[in-house]
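Notes to accompany the following structure.
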Amino acid sequence: MLNIQNLSFRYSPGAPQVLQGASLSLERGRIGIVLGKNGSGKTTLFKNLLGIHRPQSGKVELGKTNLLKLSRKERARRIAYVPQDIHFGALTVFDSVLLGRVSYFGLRSGKEDYIAVEKILQDMGLEALALRNVEELSGGERQKIAIARAMAQEPQLMVFDEPTGNLDIANEQLILTEAKKLAREKNITILSSLHDLNQALHFGDRFFFLKNGVIKYAGDQSCVTPEVIRDVFDIDVRIAEIDGERIILGGTRK
Ligand code: ADP
């Protein structure tokens, strides 16, 4: 269980309060989607739970572990983070993904690390790129590699900040499907932001709407209603059901 309680944060003493008592909980192996306008504090929330920023107050627990007290290495074993802006050094794709396993192998990688990386590259359709230099690839390809590296880490928790931002529709599908498979098969918890509400509905198990520094609405699909979307995003939508799946239509500004 990931448990975030009453997190408060601002960037500097005089700056506005970005988080003002944000709380959410997410069961192990579930996919939680954080939704909110640009600038509502999604990235800030992620960076607080990752220890990149220090909250003024609040608690972040993963199982019984207080995440805010972990060392960098201990955190790397438990959490993988895929930020919006991804930077690799001049490494091959294979080595970039292998780096995800560094907290397991210490100084020298072994056979099981290579096998794990090969399997992930295969699942993600990245084998053909294995020996290419990451710096020479497109933004979308780099994004896939960052996600592959997070998978190689086999963490308890994966945090994705807009993981499909640079991807075409086929790769969006591929990544979300692979991530969901991983969550289900390995009982990995995923917390992600996604700007596309339909993608969010399709991918997520739980939804957390961030507004004015707090999680104002939380729940399963049934909490994603036109009223909530109107309150959080200032748009009017309709929700239809096709083959048992909810689809959000429209999106006119109110
Ligand atoms: P989101 O991810 O929902 O788009 P962010 O967490 O990036 O939102 O930003 C939340 C607020 O914090 C915004 O008002 C943004 O301008 C501010 N902010 C983000 N990063 C910084 C920073 N490094 N220094 C000061 N303010 C920041």
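With respect to residue 120, is the statement that it is in contact with a Pro (Cβ under 6 Å, 6 or more places away or on another chain) and either modelled with pLDDT of 85 or more or within 23 Å of residue 185 (Cβ to Cβ) (or both) true? Considered against the rule, which asks whether it is in contact with a Pro (Cβ under 6 Å, 6 or more places away or on another chain) and either modelled with pLDDT of 85 or more or within 23 Å of residue 185 (Cβ to Cβ) (or both), residue 120 comes out as no.
Would it be correct to say that residue 125 is on the phi > 0 side of the Ramachandran plot, over 17 Å from the mean Cα position of the chain (by Cα) and either within 16 Å of the ligand (Cβ to nearest atom) or not in a helix (DSSP H, G or I) (or both)? So residue 125 passes the test. Among the residues of region 212-226, those identified as open to solvent by less than 70 Å² (accessible area, probe 1.4 Å), in a strand (DSSP E or B) and under 13 Å from residue 36 (Cβ atoms) are 214, 215, 217, 218. Checking 240, 183, 179, 170 one by one, the residue that is more than 16 Å from the ligand (Cβ to nearest atom) and in contact with a helix residue (DSSP H, G or I) (Cβ under 8 Å, 6 or more places away or on another chain) is 179 and no other. Residues in region 45-54 that are open to solvent by 10 Å² or more (accessible area, probe 1.4 Å) and free of Cβ contacts under 8 Å to residues at least 60 places away in the same chain: 47, 51, 52, 53, 54. Restricting 190, 229, 239 to residues that are on the phi < 0 side of the Ramachandran plot, open to solvent by less than 30 Å² (accessible area, probe 1.4 Å), touching a strand residue (DSSP E or B) at 6+ places or on another chain (Cβ under 6 Å) and without any contact (Cβ under 8 Å) to a residue 40 or more places away in the chain narrows the list to 229.
Residue under question is residue 69, and the condition is that it be at negative phi, among the basic types (Lys, Arg), surrounded by fewer than 17 Cβ atoms within 10 Å (Cβ to Cβ) and modelled with pLDDT of 95 or more; does it hold? No, not satisfied. Among the criteria (1) open to solvent by 10 Å² or more (accessible area, probe 1.4 Å); (2) more than 11 Å from the ligand (Cβ to nearest atom), the one residue 9 does not fulfil is (2).
Among the residues making up region 12-29, a single one is away from the ligand (no atom under 16 Å from the Cβ) and free of Cβ contacts under 8 Å to residues at least 40 places away in the same chain: 25. Scanning region 30-53 for residues that are within 13 Å of the ligand (Cβ to nearest atom) and in a loop (DSSP other than H, G, I, E, B) returns 36, 37, 38, 39, 40, 41, 50, 52, 53. Only residues that are loosely packed, with under 15 Cβ neighbours inside 10 Å and farther than 14 Å from residue 22 by Cα were counted across region 55-66, and they come to 4. Any residue in region 193-205 that is closer than 19 Å to residue 41 by Cβ sitting within a Cβ distance under 8 Å of a residue that is of a type in the set (Phe, Trp, Tyr) and assigned to a helix (DSSP H, G or I)? List the pairs, counting only those 6 or more apart or interchain. Once the first residue is closer than 19 Å to residue 41 by Cβ and sits in region 193-205, its partners that are of a type in the set (Phe, Trp, Tyr) and assigned to a helix (DSSP H, G or I) give 193/46; 194/203.
The values are calculated or read from the model by the stated rules, or taken from the named source; none is laboratory data. All values derive from a computational prediction rather than experimental measurement. Every residue, glycine as well, gets a Cβ built from its backbone with ideal geometry; the counts of neighbours run over all protein chains shown. Just the protein is used for accessible areas: all its heavy atoms, side chains included, with ligands, DNA and RNA removed. Shrake-Rupley method; radii C 1.70, N 1.55, O 1.52, S 1.80 Å.
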